[in-house]
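Encoded as structure tokens, the structure appears first; notes follow it.
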Amino acid sequence: MNSFTDSRGAQERSLEQAKPLPPARNRLVEMCEEPDIAFNTPAAILDALRLEAARELFNERVEQIPIIAKLAADAEISEIKSFDDLVPLLLAHTVYKSYPQQFVDKGRWDAMLKWLQTLSVADLSGVDCTDVKDVDDWLSRLWAAGHSVLCTSGSSGKVSFLTHTMADRARKTRHLRWTQAWPFTKPSSNRPIFWFGPMVGRNSAVEMGVSNEENWGLPGQAHALDQQPLRIADVSRTAAMRTRIAKGLAPPSEIAEFEKEQANKAAAGKAEVDVLIDRMLDMRHQPLFIFGLWAQHFMVRERARVRGIPDGDFNSETVLFPAGGIKGLDLPEDYREKITAFYGNVIQIGTYGMTEMAQLMPRCEAKCYHAPPGLILLILDQTGERLLRPDEAVDGKLTGRIGFLDLLYEGRWGGLISGDMATLDLSEGCACGRAGPVLLDTIGRYALQGEEDHIGCAGTIDAYVRGGLPA
Amino acid sequence: MNVASSSDVQSVGHVIKGEFIEGGVEAYGSPLRRFATPALHLNDLVWPRSEPGPAFETPLAEIIDVLVETGKWLARDPDGFAADALERSAVSSPLPRRVVERSYALLPAQFDRAQLEYQVERELGGPVILDGWREMPVAPSGRVHSVRAFPPRIVHIIAGNAPLASALTICWGALTKGVHLLKLPSNDLFTATMLLRAISAVAPGHPTARSFTAAYWRGGDESVEGMLFQPQYFDKLAAWGGETTLRSAKNYIGPGFELVAFDPKTSISFIGNEIFADEEILQNAADRAATDGTVVEQQACASSRFQFLEGTVEQADRYCEALYAHMGVERTFCTAEGRPLDREMRDEINGIRYMEPYYRVWGDYDGKGVVIRSEEPVEFHPDGRVINVVVVPSLEEAVQYANVATQTVGVFPPERKKSLRNALANAGVQRIVTLGSAIAVERGLPHDGFYPLTRFMRWVNDEGEP
């Protein structure tokens, strides 16, 4: 089995070797190294640079990615003159899973490669697809050839594949290092890491776990769930199972067996989580870095109750990073408050983002999310057809659908339209005293008719905490 | 959403037991399309079970007379009700104006006497069992029984994707002689009320007019549905369409309150290799297939979305070319130009557009249509005039793609129907038609897999000596 984890420092080295980004993008993306300046630069200054960077990026990608060329031609855009021009160029998350599932089921890896090529900047033709065993093997071949492909899966079980370069990956880690805990603390490699997920696998949560270790971890002190690597083939199997059920090909016994297998796997995962929770609780008086889904933090709290550990019994230098959605989980409405009270006086950090976003938005003291200079945040109307105009603001706030162009990516187009609904406070200053505009802490999902839920990793990682066919 | 309103609030009227009321009290809709309805008084929406419904003992012949007059009145439209409803619908309907216009022009024909009588004859063996108790032939036990198709009490969640759906529900409802509460769909807020006003206009205060109520409330609103959907008020819930409708309806189904589901469906086409015999047949088949694929702008359950073509990839490409050419044609239930595809559909198609030879795509996103050729069905739901042509070695092998969600299969040439129909029925299909006639719904035949009138009625026995 290949290790999916880079050796320590490998990312930094790959960044040193990488070709620098073109000037405007480079300037914006590198600003993250000085977050106090980056997040306090007036939007007017950043936006001028962002527009220039978007122009630069578009001119390059329109030649490289056929879909972008097509979108640009349809919208008659030959140049980015304003942020409005970016709107028709945003991709839906579904585009990253638009391949036919049959390709995976029947092992047509060359065809899959051809599909991935239509969304990639890099030439993938050098990837060796001979005798690929399964989707995980295929992913390993891609990684071995220098294409770091991440996966997410929605509730349908169909997997999205997002390619980026090794340098993209290193820049993401660097971005995280400087911004993730901003403005509360700076990373230092001196804490044991706890992550309630695997360190091996090809999705963004795993990547985050790895980055956290790289940015915060005391060497040799990364505690994670590593008995069951995250295998994409298992996710694909769920999709195949759904197809069989839909076609009426699966007899009841097969469905029952599949569900049982899932339940067993979840139970095994739960046992492993329990061990990890106990280890963490034993170490709670040291400064730790704790990364987990909200639901998992709730499990920690419950375990602590059983062990008689009171609220607020953690070291105040502990960094707590709760994340993820809670869809389908049985949590009380005030779960966030309960978890925050349980950990007590620790450094709780938060970011807004998604698998498709490299430069996540950190949350300030006023609980607002600040856009990094290298991220062009777009507030769209509900259909995602146009930007909302400042004169549509109510009380100085725009509520709409989130789209963005992430200026970091070299491996693919960084423009995406999400299913998230959020409110942007247009004020020049945030309540924290720094420059605006900022996103308020009220981000939710657009409830779209018949739309399956997306936001990738949660569904997959959840298999470690609960079983059965994903809802 | 804080998008500024860009349109006026539309006033949506209700019909309460034959009486039309208007007056915007309750506001609904999206910021871009708001509407307001009269206040909803739940007591007005039910008919007490302590007394028979207004038309329970009205002879069917008289009801049919009223319906026929209604059809004539609609054609004349002396008070401009139909024109007014058309104007309002044209603004609020997701369908293009010309399709709404042509659908409205077909409304009078829905009240055709021959069709109404044919349906009663086919489904119930004539009016006798509706108007009274029909004595059955002596049973093997030697006993003599009578049966009546007793008028029901039904809540209808009606479909709004085509104006004719309202006419269908109202005709069926009137023929049952029962009482009917119609929940208006937000995509067709005006047709049903207009038709009920027409009934009241030709026969003011007639029992049939008093047997209908049409009102809007937000689908799934528990404060309304939790109160109304009870066996003490209604026998059945006749629900059309979407998963969400059925999901919410499910909460209320129980003893004494039955679901009559017009399930959400997908339709497909089967095209045999015979079409390549000569160019004329190919063009004919493509024209028929385009008709079925664009019907109601591909918003209907009968609209063909996947077409299985028997042949080689090269033949399929010829067919696709011809199909695409026939898509931009003005037809009764579609416009020539269509409407631009929404961004989700565009993104789906863009995801496979550059994958020749696995896929080949004809057409663009302006609305005329898109044809996608592949060897397996695409995994998204083609919508808005997008047809996926799937190449199969034989039509028999395409049967595997039909399932319990398949409504109509349009077959060409028609001779192939006979050898396919059992296999298709076995897979779950409800309706096999000659390609090109997916929308030609015939009264008196089963609809969505059952006889609607038969299913709507309450079947009551009087057993033993008369």
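For the protein assembly as shown, with the dipole built from +1 on Lys and Arg beta-carbon atoms and -1 on Asp and Glu ones, taken about the Cα centre, which of B:Gly160, B:Ala440, A:Ala341 lies farthest toward the positive end?
Towards the positive end, the residue furthest out is A:Ala341.
Find the centroid of the Cα atoms in the stretch B:197-215 and in the stretch A:109-142, then give the distance between the two in whole Å.
Centre-to-centre (Cα) distance: 66 Å.
Quick test of the membrane-span-like rule: which DSSP H helices of chain A reach at least 18 Å along their long axis (C-alpha atoms) with mean Kyte hydropathy at least -0.5? Show your work: numbers first, answer last.
On the way: long enough: A:43-64 (30 Å, -0.10); A:166-179 (20 Å, -1.54); A:232-246 (21 Å, 0.21); A:252-282 (45 Å, -0.44); A:294-306 (19 Å, -0.61).
For chain A, where a helix must reach 18 Å along its axis and average at least -0.5, the hits are A:43-64, A:232-246, A:252-282.
Under the definition of Cα pairs under 8 Å and six or more residues apart, what whole-number percent is the relative contact order of chain A? Let's see the in-between values first.
Working: 837 pairs, mean separation 94.0, N = 471.
Dividing the mean separation by the residue count of chain A yields 20 percent.
Between B:Lys250 and A:Lys247, what is the label-to-label distance in nm when each label sits 7 Å out along the Cα-to-Cβ direction?
2.5
Say the dipole of the protein assembly as shown comes from +1 at the beta carbon of Lys and Arg and -1 at that of Asp and Glu; which of A:Val206, B:Ala402, B:Ala209 then lies farthest toward its positive end?
Of A:Val206, B:Ala402, B:Ala209, it is A:Val206.
Can you tell me what share of the DSSP beta bridges in chain B is antiparallel? A percent to the nearest 5 is fine.
On the way: 23 of 67 bridges.
Bridges in chain B that DSSP calls antiparallel: roughly 35 percent.
If you take every residue apart from A:Gly396 with its C-beta less than 13 Å away from the C-beta of A:Gly396, what net charge results, scoring Lys and Arg +1 and Asp and Glu -1? Mind showing how you got there, number by number?
Numbers: positive: A:Lys397; negative: A:Asp391, A:Glu392, A:Asp395, A:Asp425, A:Glu428.
Here the charged neighbours net out to -4.
If Lys and Arg each add +1 and Asp and Glu each add -1, what is the summed charge of the other residues whose beta carbon sits under 9 Å from the beta carbon of A:Met199? Could the numbers behind the result be given before it?
Values: positive: none; negative: A:Glu213, A:Asp226.
Summing Lys and Arg as +1 and Asp and Glu as -1 gives -2.
Can you give the local net charge around A:Trp109? Use residues other than it whose beta-carbon is closer than 13 angstrom to its beta-carbon, Lys and Arg +1, Asp and Glu -1.
Details: positive: A:Lys106, A:Arg108, A:Lys114, A:Lys133, A:Arg141; negative: A:Asp105, A:Asp110, A:Asp128, A:Asp131, A:Asp134, A:Asp136, A:Asp137.
Charge balance near A:Trp109 sits at -2.
Using a Förster distance of 22 angstrom, determine the FRET efficiency expected from the C-beta separation of A:Thr41 and A:Asn315, and round it to 0.05.
The value I calculate is 0.05.
Which lysines does B:Lys17 reach when only Cα atoms under 23 Å apart count, and residues fewer than 8 places away in its own chain are ignored?
B:Lys72, B:Lys177, B:Lys183, B:Lys236
To the nearest Å, what is the center-to-center distance of the stretch B:23-66 and the stretch A:178-243, using C-alpha atoms only?
So the separation of the two Cα centres works out to 58 Å.
Cα axis of helix B:191-202 to longest principal axis of chain B: angle in degrees, 0 to 90, nearest 10?
40
If you bin the C-alpha pair distances of the stretch B:54-104 every 10 Å from 0, what whole percents do you get?
23, 34, 27, 15, 0
Under a cut-off of 20 Å between alpha-carbon atoms, report the lysines in cross-link reach of A:Lys186, not counting same-chain residues fewer than 8 places apart.
A:Lys172, A:Lys367
Suppose every Lys and Arg Cβ carries +1 and every Asp and Glu Cβ carries -1, with no other charges. What dipole size does the stretch B:410-466 come out with about its Cα centre, to the nearest 20 debye?
Value, rounded to 20: 480 debye.
If the only charges are +1 at each Lys and Arg Cβ and -1 at each Asp and Glu Cβ, what is the size of the charge dipole of the stretch A:33-190 around the Cα centre, to the nearest 20 debye? Mind showing how you got there, number by number?
Details: 18 positive and 22 negative charges, 102 e Å.
Approximately 480 debye in magnitude.
If one takes the longest principal axis of the Cα atoms in chain B, at what angle in degrees, from 0 to 90 and to the nearest 10, does the Cα axis of helix B:417-427 lie?
It is inclined by approximately 70 degrees.
Calculate how steeply helix B:164-176 sits against the longest principal axis of the alpha-carbon atoms of chain B, using the helix alpha-carbon long axis, and give the answer as 0 to 90 degrees to the nearest 10.
So the helix axis and the longest Cα principal axis differ by about 30 degrees.
Of B:Val144, B:Cys334, B:Leu45, whose Cα points farthest to the positive end of the dipole of the protein assembly as shown (charges on the beta-carbon: +1 Lys, Arg; -1 Asp, Glu; origin at the Cα centre)?
It is B:Val144, whose Cα lies furthest towards the positive end.
Between the stretch A:66-100 and the stretch A:308-378, how many Å separate their Cα centres?
Answer, in whole Å: 32.
Mind putting a number on the dipole of chain B about its Cα centre? Charges go on the C-beta only, +1 for Lys and Arg and -1 for Asp and Glu, and I need it in Debye to the nearest 20.
700
Testing the spin-label approximation: label points 7 Å from Cα along Cα→Cβ at A:Glu63 and B:Asn403. State their distance in nm.
4.5
Spin-label point model (7 Å from Cα, Cβ direction): what's the B:Thr332 to A:Val306 distance in nm?
Label-label distance for B:Thr332 and A:Val306, simple model: 6.8 nm.
Report relative contact order for chain B in percent, whole number only (criteria: Cα-Cα under 8 Å, sequence separation at least 6). Please report the intermediate quantities before stating the final value.
Working: 972 pairs, mean separation 77.7, N = 466.
Over chain B, the number comes to 17 percent.
Using 22 Å as the Cα-Cα cut-off, could you pick out the over-long pairs in A:Lys97/B:Lys368; A:Lys158/B:Lys250; A:Lys97/A:Lys133; A:Lys97/A:Lys260; A:Lys97/B:Lys250; B:Lys368/B:Lys417? Don't skip to the answer; put the middle values down first.
Working: A:Lys97/B:Lys368 26 Å; A:Lys158/B:Lys250 28 Å; A:Lys97/A:Lys133 20 Å; A:Lys97/A:Lys260 28 Å; A:Lys97/B:Lys250 32 Å; B:Lys368/B:Lys417 30 Å.
Correct reply: A:Lys97/B:Lys368; A:Lys158/B:Lys250; A:Lys97/A:Lys260; A:Lys97/B:Lys250; B:Lys368/B:Lys417.
Every number in this text was worked out from the coordinates using simple rules, so none of it is lab data. Keep in mind the model is a prediction, meaning the values are calculated, not measured. Every residue, glycine among them, receives a Cβ derived from its backbone with ideal geometry; neighbour counts consider all protein chains shown.
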